[in-house]
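Data first, discussion second: the structure below is written as structure tokens.
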Amino acid sequence: MRMKKKLTTILQYVFFLGLGIFLVWWSVKDIDDEKWSQIRASLRNARFILVIPVFLILLGSHFVRALRWRLLMEPLGYRPAILNTFFAVLIGYLTNQAVPRLGEVLKCTVLARYEKIPADKLVGTIILERIIDAVTLLLIFGITLLIQPGLYSELLAHVFNKTGEDHGKDTPLYVFALIAIGVVVLLVGAWMVFRKKTFADLARIFRNIAGRIWQGLTAIQHLRKRGRFMLLTVLLWSLYLSGGYVGFYALQETEQYGVKEAFTVLSAGSIGMIIPTPGGIGAYAYLIERTMQLYGLKQSIAVAFGWLLWLSQTVVILIGGLVSFILLPWYNKKIRMPQPDPVVPAGDTTLNNRPA
């Protein structure tokens, strides 16, 4: 059984890594020598000094996420150390760079080890956090669509069309939708045959998923500090938005863009990070590239901008995660080491009579 589980994990990792590599290839396959020279010229003239504020903004967003996660633990009766929570979040992100979604489990086990919190309870907070993020992302989509009506239909057409020209010869979008639905149906059917599941089993699984989602949504009513939680959520997504906005100034060709375009980048980039490729490789840069082309940015510059944003986030996670691996045991051993009880002199009952 364990061997079978390991094999399944390896196959999933290979599949999603392959998906990421495919998206990398797809995003650069039409770039000729002239466009590669444009990319190199754009990067040579980039303002790499802006890496510092972007690094601090992204690191700050991870810290805010740790503070928000900590609030979700309070209704359970736990208040872990802020730094332990922060280290666990960064370690989780680092793990996701290698194996998608494994980081969510690992950050729970890491925090459970150092804070003596049951890991299964922490998993419940992660589910709730992801539901809240999904709702927030929908709000981001709504704001983006409100300030730019018709954007997403144009984006979908641009993503699935090779170029913005000659639309008459392109495959209609509904064909791609039907293909995607067909693939999902085939995968579900194969899973049912392989696992010997019936439609009743499938319906039960969907009911369980819906029940967990509803349970997660209603669990937020037990938060004692809802105002602070909402404030941290707004701050978290504002930092994400700021990272993309500051990133525009890294390239001369993108410095004219502003908040409106930053919302679009945030929306597309969030979808790219949701796709379970290792660290969003391929998917993130590809969607940013296609998004920026909507605003008239040349493909070569759009590719450079997409990969520049992805690399910025990846560097923050790699450095922050590795440092967290080093500091976490040191912090808990040296800084948070329990102090020995004071020695009580013979005949002195003052300390023995202190309140519990």
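Assorted remarks:
- Peptides 228-236, 142-150, 83-91, 189-197 ordered by average Cβ neighbours within 10 Å, highest first: 83-91, 228-236, 142-150, 189-197
- Cβ-derived FRET efficiency at R0 30 Å, H222 paired with A119, nearest 0.05: 0.90
- The label point for V185 and the one for I147, both projected 7 Å from the Cα toward the Cβ, are 4.1 nm apart.
- Per-pair calculated FRET efficiency, R0 = 30 Å: R101 and M192 via Cβ, rounded to 0.05: 0.85
No lab work stands behind these numbers, since they all come straight from the coordinates. In this text, all values refer to a predicted model and were calculated from it rather than measured experimentally. With ideal geometry, Cβ positions are generated from the backbone for all residues, glycine too; neighbour counts draw on all protein chains shown.
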